[in-house]
Amino acid sequence: MSWKWEYACGAEETARTAPAAFLAGVKRKADELVRAAEAVHIHGRAHEGIDPKGGDVIVPGGMFRYQVVVRGERVYIVQITYLGY
């Protein structure tokens, strides 16, 4: 398995209605988070500790909240907020 990101819970529903330019910003930042998580957790599947705390990322037009699940080698986008600015 290799590291990836995906929408979780209600974030997927929000992504269906958000503008493409905003979602492109979310994708770019999520890709960066995946690369960083992969570099820090080289042996993700063998991880035995607790998962790191997630966070909020500001992108043009809004923000998103994410959570890293190391053993699953995933970065989950759990909330998207489009503000339209």
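Key figures
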{"item": "Residue that is least open to solvent (accessible area, probe 1.4 Å), among those in segment 69-83 that are free of Cβ contacts under 8 Å to residues at least 60 places away in the same chain and farther than 18 Å from Glu12 by Cβ", "result": "Val70"}
{"item": "Of the criteria (1) outside any loop (DSSP other than H, G, I, E, B); (2) surrounded by 13 or more Cβ atoms within 10 Å (Cβ to Cβ); (3) in contact (Cβ under 8 Å) with a residue 12 or more places away in the chain, which one Glu32 fails", "result": "(3)"}
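Let's see how each residue does on (1) exposed (fewer than 13 other Cβ atoms within 10 Å of the Cβ); (2) within 15 Å of Leu83 (Cβ to Cβ); (3) at pLDDT 90 or above:
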site: His43; (1), (2), (3): yes, no, no
site: His47; (1), (2), (3): no, no, no
site: Lys53; (1), (2), (3): yes, no, no
site: Gly61; (1), (2), (3): no, yes, yes
site: Gln67; (1), (2), (3): no, no, yes
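The values are calculated or read from the model by the stated rules, or taken from the named source; none is laboratory data. This structure is a prediction, so every number in the text was calculated from the model and none was measured. Cβ: placed from backbone, ideal geometry, glycine included. Neighbour counts: every protein chain shown. Protein only, heavy atoms only, side chains kept; ligands, DNA and RNA dropped before computing areas. Shrake-Rupley method; radii C 1.70, N 1.55, O 1.52, S 1.80 Å.
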